[in-house]
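The values are calculated or read from the model by the stated rules, or taken from the named source; none is laboratory data. Remember, predicted model here, so these are calculated numbers, not experimental data. Counting neighbours? That spans all protein chains shown, and the Cβs are built from the backbone with ideal geometry, glycine included.
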Amino acid sequence: MSSHASPDDQRPAGRKPLTLHRLREMHAAGEKIAMLTVYDSSFAGLLDEAGVDCLLVGDSLGMVLQGQPSTLPVTLEEIAYHTRCVARGNRSAWLIADMPFGSYQASREQALASAVALMQAGAQMVKIEGGGWSAETVRFLVERGIPVCAHLGLTPQSVHALGGYRIQGREESAAGTLRRHAGELADAGAAMLVLELVPAALAAEISTLYPQLMTIGIGAGPQCAGQVLVLHDMLNITRGKLPRFVRNFMADASSIDDAIRTYVRDVKNGRFPDPQLHTY
């Protein structure tokens, strides 16, 4: 059985391809940014048509697709492969690709080579975990025309160093480090900043301190500029206990498409995340 629908026929009605400039306009106007992870062409088309603003080819694919215990085994070649798949199905959303563990830590030159591979695969932005040392890598990439999304808080590639999947920034010393790292990444030219498992008050403070950063929360409260979830988590496909910040959007949905559209709508209108249920 084959499908004859062309991806060009699936572009959301009236939606032009999102650009970094357009995302910044949305952020300046106070419109929330809806992001989800995605790993294949079919879901890319579905998410794009449902109005998701940003698609993230996350190294979470190691866990949700490959059955790995963490993101650490994911390779650059695997991210590039899935980025190519997603790029074929996407027509309007902004496409971000994770830089996997070991693909950017050795040197700025290594990071550039890895970022080039992902951009050539179809990414429009790359995501790098960590703060402090990473600021100069971010600057190096941005100066060479590669948009960068930074990632602070719980950084899964550093899960062993962090002592597991724990909330970050609760103590004032840790919160101060996160504030400083966010400022350094903003100064380096990062356009977005994922804040994962960070107290809502701290995420709100960082979002206010550095308005040039589009903060994207995942377990970081409703005051971020946008939200992201792992697709398999919000569709209740992931087995086992899910983090508190995840909401099962399939619970009251008639279809996967309905669940995704509800996610977009609830992010945009501020109904997700719920401060009482999904934040720390």
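Output the qualifying pairs, or none if there are none: Cβ atoms under 9 angstrom, residues six or more apart or on different chains, first residue in region 68-91 and at positive phi and basic (Lys, Arg), second residue crowded, with 18+ Cβ neighbours inside 10 Å and part of a loop (DSSP other than H, G, I, E, B).
none
Kindly provide the set of residues from region 86-101 that are in contact with a Cys (Cβ under 7 Å, 6 or more places away or on another chain), part of a strand (DSSP E or B) and within 17 Å of VAL230 (Cβ to Cβ), ordered by number.
The one that is in contact with a Cys (Cβ under 7 Å, 6 or more places away or on another chain), part of a strand (DSSP E or B) and within 17 Å of VAL230 (Cβ to Cβ): ILE96.
Does region 48-65 contain any residue that is out of contact with any Pro (no Cβ under 8 Å at 6 or more places or on another chain), surrounded by 21 or more Cβ atoms within 10 Å (Cβ to Cβ), polar (S, T, N, Q) and modelled with pLDDT of 95 or more?
Within region 48-65, not a single residue is out of contact with any Pro (no Cβ under 8 Å at 6 or more places or on another chain), surrounded by 21 or more Cβ atoms within 10 Å (Cβ to Cβ), polar (S, T, N, Q) and modelled with pLDDT of 95 or more.
Take region 27-61 and flag every residue that is assigned to a helix (DSSP H, G or I) and more than 17 Å from VAL126 (Cβ to Cβ). Steps first, answer last, please.
To start, the set of residues in region 27-61 that are assigned to a helix (DSSP H, G or I) comprises 27-28, 41-49, 61.
Across region 27-61, the qualifying residues are HIS27, ALA28, SER41, SER42, PHE43, ALA44, GLY45, LEU46, LEU47, ASP48, GLU49.
Take the residues in region 25-47 that are closer than 20 Å to ALA150 by Cβ and touching a residue at least 24 places away in the same chain (Cβ under 8 Å); name whichever of them is surrounded by the fewest Cβ atoms within 10 Å (Cβ to Cβ).
Here the answer is MET26.
Do we find a residue being out of contact with any Lys or Arg (no Cβ under 7 Å at 6 or more places or on another chain), more than 17 Å from ILE237 (Cβ to Cβ), surrounded by fewer than 23 Cβ atoms within 10 Å (Cβ to Cβ) and among the polar types (S, T, N, Q) anywhere in region 75-86?
yes
I need the full set of residues from region 111-123 which are of a type outside the set (A, V, I, L, M, F, W, C) and out of contact with any Phe, Trp or Tyr (no Cβ under 6 Å at 6 or more places or on another chain), in order please. Walk me through how you get there before you give the answer.
The first filter runs over region 111-123 and keeps only residues of a type outside the set (A, V, I, L, M, F, W, C), leaving 114, 120, 122.
Once the filter is applied, which keeps residues that are of a type outside the set (A, V, I, L, M, F, W, C) and out of contact with any Phe, Trp or Tyr (no Cβ under 6 Å at 6 or more places or on another chain), region 111-123 yields GLN120, GLY122.
Give me the residue from region 168-220 that is under 30 Å from THR19 (Cβ atoms) and of a type in the set (Val, Ile, Thr) and, out of that set, surrounded by the most Cβ atoms within 10 Å (Cβ to Cβ).
VAL198
Looking at region 246-258, which of its residues are in contact (Cβ under 8 Å) with a residue 24 or more places away in the chain and either surrounded by fewer than 16 Cβ atoms within 10 Å (Cβ to Cβ) or under 26 Å from ALA29 (Cα atoms) (or both)?
Within region 246-258, just ASP257 meets the criteria.
Out of (1) closer than 16 Å to ASP53 by Cα; (2) modelled with pLDDT under 95, the odd one out for PHE245 is which?
Evaluating PHE245 over (1) closer than 16 Å to ASP53 by Cα; (2) modelled with pLDDT under 95 leaves (1) as the failure.
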